[in-house]
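All of the numbers you see were taken from the coordinates with simple rules; none came from a lab. Quantities reported herein were computed from a predicted structural model and do not represent experimental measurements. Methodologically, a virtual Cβ is constructed for each residue, glycine included, from the backbone with ideal geometry; neighbour enumeration extends over all protein chains shown.
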Amino acid sequence: MNITLREKKVFFASDFHLGAPDDQSSKQREKKIIRWLNEIENEAEAIFLVGDIFDFWFEYEKVVPKGFIRFLGKIADLREKGIPIFFFTGNHDLWMNDYFTQELGIPVFHHPIEVVIANKKFLVGHGDGLGPGDEHYKFLKKIFTNPFCQWLFKWLHPDLGVRLAHKWSKNSRITNLQKNENEFKGDDEWLWAYCKQVEKNRHFDYYIFGHRHLPLDLPVGHTARYFNLGEWVNQYTYGVFDGNTFEIKTLEP
């Protein structure tokens, strides 16, 4: 994929976790997200939404989760105006199929992808299951992404399936401040370690990931950098590339 900047910018955001921890706070966050999208609309060459945009998403054959209508309406409006949007699944919304592609013209990616923007090479993805460690989650992800397990889940009535999913989600890092990993872990930053391992074999100028819930800007080798986009439950951070530099910014309150 190659994106040419015409005096505009490319924006990146992840971990909105719409739907968590409750409807009221989620709707307030949804309004902030729409305000941000309104603010960047005129200067956006493209927008990358890098996973865990929803705290839970499952596409039944004829049903998608209730809610998020303001957000869905806004990204539909952006697509109608010709702004490309690229959507990545995360560990909370990995059960996405073709609804966004068919209804909104938004491609959905389930793995990191390589992108060239203004002649700079990017590796972009959510980040879950990458790097060393976290074997427990990697095992669970194999179950969650197994086609047979997904087939079994779809036979649950949506009211029951969504209720079970939200109950599971209440134990996640983003909805439980006591488990929110907001401290830099040094050499134990596993996504940073993943980027350094990739860089040994193939060069990228920028590594852009979410999932970690902590905004980060770290060197990878001599000329590359790893950026983590943070999250929108507590921090409201996002990334922007203007053709020369990549920055992590915060939505003003």
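Among Pro112, Thr101, Phe11, pick out the residue whose Cα is farthest towards the positive end of the charge dipole of the stretch 1-134, where Lys and Arg carry +1 and Asp and Glu carry -1 on C-beta, about the Cα centre.
Highest projection toward the positive end goes to Phe11.
Taking a threshold of 30 Å on the Cα-Cα distance, which of the pairs Lys66/Lys196; Lys8/Lys62; Lys81/Lys154; Lys9/Lys31 fall above it?
With Cα atoms farther than 30 Å apart: Lys66/Lys196; Lys8/Lys62; Lys81/Lys154.
Taking DSSP loops as anything outside H, G, I, E and B, show the longest stretch in the chain free of trypsin sites (Lys or Arg not before Pro) there with at most 15 other beta carbons within 10 Å.
Longest gap between qualifying sites, sites excluded: 82-169.
From the phi of every residue in the stretch 6-14, what ³J(HN,Hα) in whole Hz does the Karplus formula 6.51 cos²θ - 1.76 cosθ + 1.60 yield, where θ is phi - 60° and glycine or proline is x?
Going residue by residue, I get 10, 6, 10, 10, 10, 10, 9, 8, 8 Hz, with x marking Gly and Pro.
Give me the number: length gained by fully extending Lys32 to Asp217, i.e. 0.36 nm times residue separation minus the C-alpha to C-alpha distance, one decimal in nm.
Full-extension gain reported as 64.2 nm.
Taking the number of other C-beta atoms within 10 Å as the exposure measure, put Cys149, Cys195 in order starting with the fewest.
Cys149, Cys195
Along Cα→Cβ, 7 Å out, is where each label goes; now give me the distance between the ones at Lys62 and Asn234 in nm to one decimal.
Simple spin-label model gives 4.3 nm for this pair.
Which value, in debye to the nearest 20, describes the size of the charge dipole of the chain about its Cα centre when Lys and Arg Cβ atoms bear +1, Asp and Glu Cβ atoms bear -1, and nothing else is charged?
Around 280 debye, computed over the chain.
Can you give the helix-only mean residue ellipticity at 222 nm for the chain, where every DSSP H stretch with n ≥ 4 adds -39500 (n - 2.57) and the sum goes over all residues, rounded to the nearest 500 deg cm²/dmol?
Calculated at 222 nm, the ellipticity per residue is -9500 deg cm²/dmol.
Name the long-range amide H neighbours of Phe86: under 5 Å, sequence gap of 5 or more, or other chain; modelled H, no Pro or chain starts.
Here the answer is Ile47, Phe48, Leu49, since their amide H atoms fall under 5 Å of that of Phe86.
Using the basic label-point model (7 angstrom from Cα toward the beta carbon), what is the Glu103 to Glu43 distance in nanometres?
3.1 nm
I need Leu164, Leu37, Leu251 ordered by Cβ neighbour count within 10 Å, fewest first.
Leu164, Leu251, Leu37
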